[in-house]
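**Q** Before we start, here is the structure in question, set down as C-alpha cells.
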C-alpha cells in the first residue's frame, strides 16, 4: 500500500517504522527538517519537509496514488484539514486523524465527520485509548495487560510469572492433565528480553512475561491458575487530572459503584473543571509529589496509584513515593521515553505504560487488509496479536490446524464459532466465518491476508 503519514513525531515515527517493516511504501511529511532527517536516516521511507495542509506538498508526496493518509501532527485542526484535502483534491480512500481536543470528540457533534463536512474515516484519540488501556489493567489486576478480542469474547493476557506460579516447569502439553479446567492458550513469552514462540514441549519459567489467550468468562480462573488472586482495587489515586486521568476516572465511575477514586491535579482551574464534570470522584488541587497533599489524599490507605501527568520523571517519582509509603500498593506510570523501562524493576514500579504504542496499535487496526479486526502490537511491532475471519475463499476451510501449513511464527490462540469460544487442538477443522485470534510475526502479515483470503481494504 502507498501510505502518507503527516507528522514525524514519536507516533509518526513508530507508525512509519512498523509499516515500512511490513513492506508498505511510506511517505512522511513534517515541517521539522530535524525530525524528517531522523526518519530518513533511520528508516526506509521518503521524508518531505513541508506543511501537510498545502496541496502542492501533498501532491509531491504522491497523494494522487495514495491508498491511505494518516494525520498525526501535534495539531488537531491540521489533522482535520489534511483529511479534507485528501478527500476533496486527491480522493484518498481511507483517512485517519489523531484528534485530542475534547470539544471535537463530543458525541453531539458526530455530524461534523462525514463526507459532506470533514471526511475523516477513523478518529484516534490517544488520551481515550490510553485511559481504556489503563482501565483494562485495573479490571484484571493480576495481569500486566488485558486486551479484548472478538467483541470481548476473548482476552489476551500478559502475565508475569512469579515464583508462586503453580504451572512453572510443566510442559505446556501436560497442563490440561494437571489442570483439567485450564481453558487457555499460552502462545509466547518474553524471556531475558527475547521473545519466544512457545511450543507444546516448552515450559514457562519464573520471570517470564507470557501472553495467553483465554475466554473472557474464564479470565479470573486462569489468573488464579497462574497464581494471581489479586482483587480489583477499590481505593484508587490518580496523580494528574489531564485528559487521560479524567477519562479514566469517568470510566471507573461508570463501571464500579463501590470504587473510591481520588485525583490530584496541580492546576487549580483544571482541578475545578474536572471536579464539576465528575460525579463521585474527589479532586484535590495540589502537587502529587507534595507529602502533605499525599497525606490529604490518604496515600497510605490507597491500593493502586496511577501517575498520569505529562512529566515522566514526576510520574516515576510519584510511584516511588507510593511504594515507600507503607502498605503494599500497585503502581502504574505513564512514560513517553522508552529507556525508562530499564528502571522499572529496580524502582519496583508494577507497570510503565508507553502511550505511543497504544495509539500505534489502534492505527494498525485500520491499515491491515480485509477482515482483520483488533490488533495489539508487541516489541515495537515485531509481533502482533490480531483477529481474522475465515472467508469462503480461504484455503483453510475444511482443513485441520495441523494440516494448514501455517508458518512457524504464526500461532492460533482461539476461535470464535457462532458465538462459541474454542481453545483449539491441532485436530480442529476450520469452517467458514470462524473468527480466529492469532499471534503473527510482522514478516508473515501478507501470509495471513493470503491464507484467510482477506482481499483489499
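**Q** From 241, 245, grab the single residue that is surrounded by 19 or more Cβ atoms within 10 Å (Cβ to Cβ) and in a loop (DSSP other than H, G, I, E, B). Lay out the reasoning, then the answer.
**A** On the way: 245 fails: in a loop (DSSP other than H, G, I, E, B).
Answer to the check: 241.
**Q** So residue 264 passes all but one of these: (1) closer than 15 Å to residue 322 by Cβ; (2) touching a residue at least 24 places away in the same chain (Cβ under 8 Å); (3) surrounded by fewer than 20 Cβ atoms within 10 Å (Cβ to Cβ); (4) in contact with a strand residue (DSSP E or B) (Cβ under 9 Å, 6 or more places away or on another chain). Which condition number does it fail?
**A** That leaves (3) as the condition not met.
**Q** Is there a residue in segment 291-300 that is surrounded by fewer than 13 Cβ atoms within 10 Å (Cβ to Cβ) and in a loop (DSSP other than H, G, I, E, B)? Before you say what the answer is, go through the steps one by one.
**A** Of segment 291-300, the ones surrounded by fewer than 13 Cβ atoms within 10 Å (Cβ to Cβ) are 291-292, 295, 300.
Filter once more, keeping what is in a loop (DSSP other than H, G, I, E, B): none.
Checking segment 291-300: not a single residue is surrounded by fewer than 13 Cβ atoms within 10 Å (Cβ to Cβ) and in a loop (DSSP other than H, G, I, E, B).
**Q** Here's a follow-up. Just checking, which of 146, 152, 169 is surrounded by fewer than 20 Cβ atoms within 10 Å (Cβ to Cβ) and within 20 Å of residue 134 (Cα to Cα)?
**A** On the way: 146 fails: surrounded by fewer than 20 Cβ atoms within 10 Å (Cβ to Cβ); 169 fails: within 20 Å of residue 134 (Cα to Cα).
It is 152.
**Q** Right, next: Say whether the condition of being closer than 25 Å to residue 384 by Cβ and not assigned by TED's automatic domain parsing to the domain that holds residue 410 is met by at least one residue in segment 240-250. It would help to see each step written out before you state the result.
**A** Here is the first cut: in segment 240-250, the ones closer than 25 Å to residue 384 by Cβ are 244.
Keeping just the survivors that are not assigned by TED's automatic domain parsing to the domain that holds residue 410 gives 244.
So far as segment 240-250 goes, yes, one or more of its residues are closer than 25 Å to residue 384 by Cβ and not assigned by TED's automatic domain parsing to the domain that holds residue 410.
Here's the yes/no breakdown for (1) closer than 28 Å to residue 419 by Cβ; (2) modelled with pLDDT under 95; (3) surrounded by fewer than 15 Cβ atoms within 10 Å (Cβ to Cβ):
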site: 180; (1), (2), (3): yes, yes, yes
site: 192; (1), (2), (3): no, yes, yes
site: 197; (1), (2), (3): no, yes, no
site: 206; (1), (2), (3): no, yes, yes
site: 209; (1), (2), (3): no, yes, no
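**Q** Just one of 128, 118 is in contact with a helix residue (DSSP H, G or I) (Cβ under 6 Å, 6 or more places away or on another chain), closer than 26 Å to residue 246 by Cβ and surrounded by fewer than 20 Cβ atoms within 10 Å (Cβ to Cβ); which is it?
**A** Values: 128 fails: surrounded by fewer than 20 Cβ atoms within 10 Å (Cβ to Cβ).
Just one listed residue meets the conditions, 118.
Residue-wise test of (1) closer than 30 Å to residue 131 by Cβ; (2) surrounded by fewer than 19 Cβ atoms within 10 Å (Cβ to Cβ); (3) in contact with a strand residue (DSSP E or B) (Cβ under 6 Å, 6 or more places away or on another chain).
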| residue | (1), (2), (3) |
| --- | --- |
| 32 | yes, yes, no |
| 45 | no, no, yes |
| 51 | no, yes, no |
| 54 | no, yes, no |
| 71 | yes, no, yes |
| 75 | yes, yes, no |
| 99 | yes, no, yes |
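**Q** Identify the single condition in (1) touching a helix residue (DSSP H, G or I) at 6+ places or on another chain (Cβ under 9 Å); (2) assigned to a helix (DSSP H, G or I) that residue 148 does not satisfy, given that it satisfies every other one.
**A** (2)
**Q** Among (1) assigned to a helix (DSSP H, G or I); (2) surrounded by 20 or more Cβ atoms within 10 Å (Cβ to Cβ), where does residue 109 come up short?
**A** (2)
**Q** Within segment 86-106, track down each residue that is within 24 Å of residue 56 (Cβ to Cβ) and either in contact with a helix residue (DSSP H, G or I) (Cβ under 8 Å, 6 or more places away or on another chain) or assigned to a loop (DSSP other than H, G, I, E, B) (or both).
**A** Step one: list which residues in segment 86-106 are within 24 Å of residue 56 (Cβ to Cβ), which gives 86-98.
Scanning segment 86-106 gives 86, 89, 90, 91, 92, 93, 94, 95, 96, 97, 98.
**Q** Looking at segment 398-421, which of its residues are modelled with pLDDT of 90 or more and surrounded by 14 or more Cβ atoms within 10 Å (Cβ to Cβ)?
**A** 399, 400, 401, 411, 412, 413, 414, 415, 416, 417, 421
**Q** When you go through 134, 144 one by one, which is the residue that is under 17 Å from the mean Cα position of the chain (by Cα) and modelled with pLDDT under 90? Break it down stepwise before answering.
**A** On the way: 134 fails: modelled with pLDDT under 90.
It is 144.
The values are calculated or read from the model by the stated rules, or taken from the named source; none is laboratory data. Fair warning: this is a prediction, and the values are worked out from it, not measured in the lab. Note that we place each Cβ from the backbone using ideal geometry, even for glycine, and neighbour counts take in every protein chain shown.
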